[in-house]
Amino acid sequence: MAISWNSFLHRVVALCVVVFSCLMIVNMFYLSICMDVRRWCLVVFKFFLFMLLYFPANVTAQPSEFSDSSSVCSGVVSVVEDVDGNIYNVVEIGEQKWMKENLCVSRYNDGVQIAVFSDSLNNFRGRYCAEKVVFYDWDAVHTGKLCPLGWHVPSDEEWSKMETYLGGMNVAGGKLKECGHRNWQEPNVDASDLYAFSAIATGFWEEDRVKGLKEGSIWWTSSPYNGNPSFAWVRSIYNSGAIIYKVSAPKKLGFAVRCIKNANE
């Protein structure tokens, strides 16, 4: 179990032990002059007994808040950089490696600028930014060049594989959601962020504005919906439950993107 030396309590206890040690040394020096050897040895024995029992129990027994193997800190296995120089943490879920953050790149991995949504007619479609939230439409996803080299937008099958590993669609959403209410509207049901995916409720883009902010998050898959050529498969989670939903959505809308590392790379 890791020692958290940054803890205020630990520092106070350590300081007290140091002060006590100094006082004991002075006291032992005095006793060595004024008392017989037997009583002096008894004092030394009590001092070391205190050091062995009290100090370890009160300083090392309290773990860091991130010491559990499923925590955010231990979940990050590496980092990846996009063409703009943005750095993303990488987490491992089963046999897959996912970005811990949503993609926020402004260029394709070949250096070509991604067009930006300009009006309600969706002229210059491709990318839309609202504060720190970035959404992409299907045209940008379908290029196959949105994620860094060696990475790609996950397919419907790859999302399904992760959901199965997490215990099924009925519980997977809760295990992916960031805890608390900083980026989620209450009640944020069953949010545990068990694998450090840290999903935040960014909403989505439609008709020149962001909708559903802090209520839910929607990510593209790279899989088109066969029932309608203008739709594609997405995944969504909401503050009201732990379910992750598989639904089809219009390709003209703006959703978030999480990249997944290519297999065997």
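Quick one: in the stretch 88-106, which of the residues that are open to solvent by 30 Å² or more (accessible area, probe 1.4 Å) and assigned to a strand (DSSP E or B) is farthest from VAL116 (Cα to Cα)?
Taking the candidates together, the pick is GLU92.
So TYR245 clears everything in (1) surrounded by 22 or more Cβ atoms within 10 Å (Cβ to Cβ); (2) under 28 Å from ASP139 (Cα atoms); (3) touching a Ser or Thr at 6+ places or on another chain (Cβ under 6 Å) except one condition, right? Which one?
Evaluating TYR245 over (1) surrounded by 22 or more Cβ atoms within 10 Å (Cβ to Cβ); (2) under 28 Å from ASP139 (Cα atoms); (3) touching a Ser or Thr at 6+ places or on another chain (Cβ under 6 Å) leaves (1) as the failure.
Would you pick out the residues in the stretch 166-187 that are part of a loop (DSSP other than H, G, I, E, B) and surrounded by fewer than 23 Cβ atoms within 10 Å (Cβ to Cβ)? Before the answer, list the steps.
From the stretch 166-187, those part of a loop (DSSP other than H, G, I, E, B) are 166-168, 178-187; that's our starting set.
Correct list: LEU166, GLY167, GLY168, GLU178, CYS179, GLY180, HIS181, ARG182, ASN183, GLN185, GLU186, PRO187.
Since PHE135 meets every condition but one in (1) over 20 Å from CYS179 (Cβ atoms); (2) at pLDDT 90 or above; (3) open to solvent by 30 Å² or more (accessible area, probe 1.4 Å), which condition does it not meet?
So PHE135 meets the others, but not (3).
Within the stretch 188-203, track down each residue that is at positive phi and either surrounded by fewer than 18 Cβ atoms within 10 Å (Cβ to Cβ) or under 17 Å from the mean Cα position of the chain (by Cα) (or both). So that I can check it myself, show each step before the final result.
Narrowing the stretch 188-203 to residues at positive phi: 188, 190, 193, 196, 198, 203.
Listed by number, the residues that qualify are ASN188, ASP190, ASP193, ALA196, SER198.
It is to be established whether one or more residues within the stretch 156-165 are at pLDDT 95 or above, open to solvent by less than 30 Å² (accessible area, probe 1.4 Å) and not charged (D, E, K, R). Walk me through it before giving the result.
Taking the stretch 156-165 and keeping what is at pLDDT 95 or above, we get 156-165.
Those still in the list that are open to solvent by less than 30 Å² (accessible area, probe 1.4 Å) too: 156, 159, 162-163.
Add one more test, that the residue is not charged (D, E, K, R), and what stays is 159, 162.
Among the residues of the stretch 156-165, at least one is at pLDDT 95 or above, open to solvent by less than 30 Å² (accessible area, probe 1.4 Å) and not charged (D, E, K, R), which makes the answer yes.
Here are some conditions: (1) open to solvent by less than 60 Å² (accessible area, probe 1.4 Å); (2) touching a helix residue (DSSP H, G or I) at 6+ places or on another chain (Cβ under 8 Å). GLU206 meets all but one. Which one does it not meet?
(2)
The values are calculated or read from the model by the stated rules, or taken from the named source; none is laboratory data. Please read all numbers here as calculations on a predicted model, not as lab measurements. Every residue, glycine as well, gets a Cβ built from its backbone with ideal geometry; the counts of neighbours run over all protein chains shown. Quick note on the areas: whole protein, heavy atoms, side chains included, nothing else; ligands and nucleic acids left out. Shrake-Rupley method; radii C 1.70, N 1.55, O 1.52, S 1.80 Å.
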